[in-house]
Amino acid sequence: MKHKVMLVEDEEALALLLKYNLEKEGYDVLWEARGGKAVAEVEQNMPSVIILDWMLPELSGVEICKMIRSKPDIKSIPIIMLTAKGEEEDKIKGLSAGADDYVTKPFSIPELMARVKTQLRRAPEPADEKELVFEDIVMDITSKKVFRGENYIHLGPTEFRLLRMLMETPGKVFSREYLLKTVWGDNIYVESRTVDVHIRRLRKSLNEFGPDYIRTVRATGYAIDKNPIGENEE
Ligand code: CA
């Protein structure tokens, strides 16, 4: 499998030059020009490394970096920050936002390629397939499909992310606040009741083909568990 490199850069000429050179090195390259779309694209594609420009439309590189670092499923992806600024203070800001490396424009292509290689040494080899399994529920992370036994379960993107969070640590009770923060993100205002609405939808889809494994913990939150302790009536 090829490593995926996610390039977030709004300058088209530079982006195309980098894409060309990264592909020559044997990587799959995903390019996103809009800051506002970057985090969703990272979650969708799970790249091995992210090259992130500092100045972007909608959201800055520093903000994107902080958002990525706050999300458990993508927080450990290495980030190389690109910037036109050479100030020491900006470098510190970039690194404290969670960037792993920092490259000042203009830079040489071989230098950036070497930095990418260094970060990839830390990244796990891309897996052909990643699956989460809980009893008869199987989630294929790569294709974003969920099955219960032989049955395909159609889930909306929010229900998928909720279920993924629960299935990553079965038995653990996740508070509504935690789920809101990780599934919806810090910057979006939603009421904690929204979590209940989506859990209800998730249950409805899942329970069509088997017992209810989602446990409601009164006044706290939710878990996925084999032996629900009978607090499931809402
Ligand atoms: Ca830019």
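The values are calculated or read from the model by the stated rules, or taken from the named source; none is laboratory data. This is a predicted model, so every value here is computed, not measured. Using ideal geometry, Cβ is built from the backbone for each residue, glycine included, and neighbour counts are taken over all protein chains shown.
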Legend entry - Given (1) within 16 Å of the ligand (Cβ to nearest atom); (2) surrounded by fewer than 17 Cβ atoms within 10 Å (Cβ to Cβ); (3) within 17 Å of I80 (Cβ to Cβ), index of the condition N21 fails: (1)
Legend entry - Selection count, the range 75-91, where residues are more than 16 Å from the ligand (Cβ to nearest atom) and either in contact with a His (Cβ under 9 Å, 6 or more places away or on another chain) or at pLDDT 90 or above (or both): 2
Inset, instruction - Please go through the range 75-91 and pick out each residue that is surrounded by 15 or more Cβ atoms within 10 Å (Cβ to Cβ) and either free of Cβ contacts under 8 Å to residues at least 24 places away in the same chain or out of contact with any strand residue (DSSP E or B) (no Cβ under 9 Å at 6 or more places or on another chain) (or both). - result: K91
Legend entry - Pair list, Cβ under 7 Å, 6 or more apart: the range 1-22 residue assigned to a strand (DSSP E or B), other residue polar (S, T, N, Q) and more than 14 Å from the ligand (Cβ to nearest atom): K4/N45; K4/S48; V5/S48; M6/N45
Inset, instruction - Out of the residues in the range 42-58 that are within 16 Å of the ligand (Cβ to nearest atom) and surrounded by fewer than 18 Cβ atoms within 10 Å (Cβ to Cβ), state the one that is nearest to L162 (Cα to Cα). - result: E58
Legend entry - The one condition in (1) at pLDDT below 90; (2) crowded, with 19+ Cβ neighbours inside 10 Å; (3) within 16 Å of the chain's Cα centre (by Cα) that G94 fails to fulfil: (3)
Legend entry - Pairs with Cβ under 6 Å, 6+ apart, first in the range 47-62 and under 24 Å from D28 (Cα atoms), second of a type in the set (K, R) and away from the ligand (no atom under 12 Å from the Cβ): P47/K4; S48/K4
Legend entry - Scan of the range 24-34 for residues that are part of a loop (DSSP other than H, G, I, E, B) and within 14 Å of the ligand (Cβ to nearest atom), ordered by number: A33, R34
